[in-house]
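Asks: Provided herewith is a single structure, encoded as structure tokens, for subsequent inquiry.
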Amino acid sequence: MAAESFDTFTSTGGTVRPSGRRSHQVFEALQQEIVLGTLLPSSALTELDLAQRFGCSQGTIREALMRLNEEGLVNRLPNRGTHVAPCAADDARALLEIRRGIECSHLDRVMARTDAALLGELRARLDAMRNAARDGDEYRLSTHDRGFHARLFAAADLPLVTPILSRCLIHNHRYKILNSQPNRALEETAERHVPIIAALAQGDVEHLRQLLDHHITTIVDFGPDLRASDAGEQS
């Protein structure tokens, strides 16, 4: 297996080096459990229980929960505690459309900044996705998938938009995972990125736009089709 050496991807935009801070470790652990559905929507999360589970202070847990709240993965309400956020189709559909607009509307900027380094990073992400798929590690696959799209969009050099895209990505992936068929072919998810890299390498921006549009709108090929309601509204 090829070695993977990536910065930790964060859905608040950009990347961070693993800091060793306990709150970051707790944040990552809970994020994974929420995305994979180990912690189901509406599940209650109490600081005391989590502090006992992770062997840390309630302040450390509070910091992790605040970050999850910023990502929209939990809801923290006064006098009502903290609960895992819902994962509704309407939200997923709206975020998918926002993501589609962000990624597909700025490809001229991406193409103008494409170089060997960017292509190399995207190919490395693809290899990491393939490794995760072979290992049957859906969360690691999701992390590298999100990292692929974040790195591609970073070439557009629109840093204020990046956190919006990042939130769309993690919620799109959460919805897909929670609504996909069991034992789906993870390798297909990785291979769907091959034509994107090829079009980018060829410098064909219109073909890249078509591929990326199709890639995004069919993100739920292995689960519910979010485009179904769009067809119903147009009929």
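Read the figures in this text as sums done on the coordinates, not as results from a lab. Predicted model only: the values in this text are computed from it and were never measured. FYI the Cβ positions are ideal-geometry reconstructions off the backbone, even for glycines, and counts take in every protein chain you see.
Asks: Pull out the extension gain between L36 and L158, defined as 0.36 nm times the separation in residues minus the alpha carbon to alpha carbon distance; nm, one decimal.
Replies: That pair, L36 and L158, stretches by 41.0 nm at full extension.
Asks: Working out 0.36 nm times the residue gap between R80 and A29, then minus their Cα-Cα distance, what length gain in nm do you get to one decimal?
Replies: 16.1 nm
Asks: Per 0.36 nm of contour for each residue apart, how much would the distance between R53 and Q210 grow if the chain were fully extended, relative to their Cα-Cα spacing?
Replies: Gain in length upon complete extension: 51.8 nm.
Asks: When Lys and Arg each count +1 and Asp and Glu each count -1, what net charge do the other residues less than 13 Å away from G120, Cβ to Cβ, add up to?
Replies: Once positives and negatives cancel, what remains is 0.
Asks: Determine the shape class of region 74-200: with a ≥ b ≥ c the square roots of the Cα gyration tensor eigenvalues, call it rounded for a/c under 1.5, and otherwise prolate if a/b is greater than b/c, oblate otherwise.
Replies: oblate
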